[in-house]
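Notes for the one structure printed next.
Derivation of every value follows stated rules applied to the coordinates shown; laboratory data play no part. These numbers come from a predicted model, not from an experiment.
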Amino acid sequence: MRRSLSYPLLIGSVVALDQLVKALVVRTIGLHDYVSLVDGLLSLSHVRNHGAAFGLLSDWNLPYQSLLLSLLSLLALGAIALYFARLPDTARLPRLALALVLGGAVGNVIDRVRLGYVVDFVHVYWREYQWPDFNVADSAITIGVCLLVIDILSSPETESRGAATAGPSTATPTGRTD
């Protein structure tokens, strides 16, 4: 029973932390203001992301853009939740990864549905190089995706599938099979 509650608890914790920090940022940092944490590298900011992940499409003024992105986010959220629910209990790393992705996605969907944009506040830069501002939800999604990649790359099934499909070749030097 305890293990089955840990993933919903993680999802809820990511959502709660994301929404709490965003509320603090909105209350304490003016819109488009920056507070330096590590000079020349890291600042807290307060920006509104009207686009998709990391500001993609934010400069597009599509009709109903917020509604469209909200619906797409909800569809993706549903698909990920369905996949998560179908994973066996023994798939702990993929379940952990998807719990982080789900928590982050829910945090950003809450903003998009409630506000029409997502609040971002972490600003990473070095000299003239700027990384798009992001938030706790984006971080959880990124970590979850990285864990999924690690799981896929370290899966013994990947190696055995490659060996099984390679098999003995009957191809001639010209590439024809006889």
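Could you let me know the centre-to-centre spacing of the range 77-102 and the range 123-154, using Cα atoms, in angstrom?
If we compute the Cα centre of each part, the gap is 19 Å.
Please give the contour-minus-distance gain from residue 71 to residue 39: 0.36 nm per residue of separation, less the Cα-Cα distance, rounded to one decimal in nm.
7.7 nm
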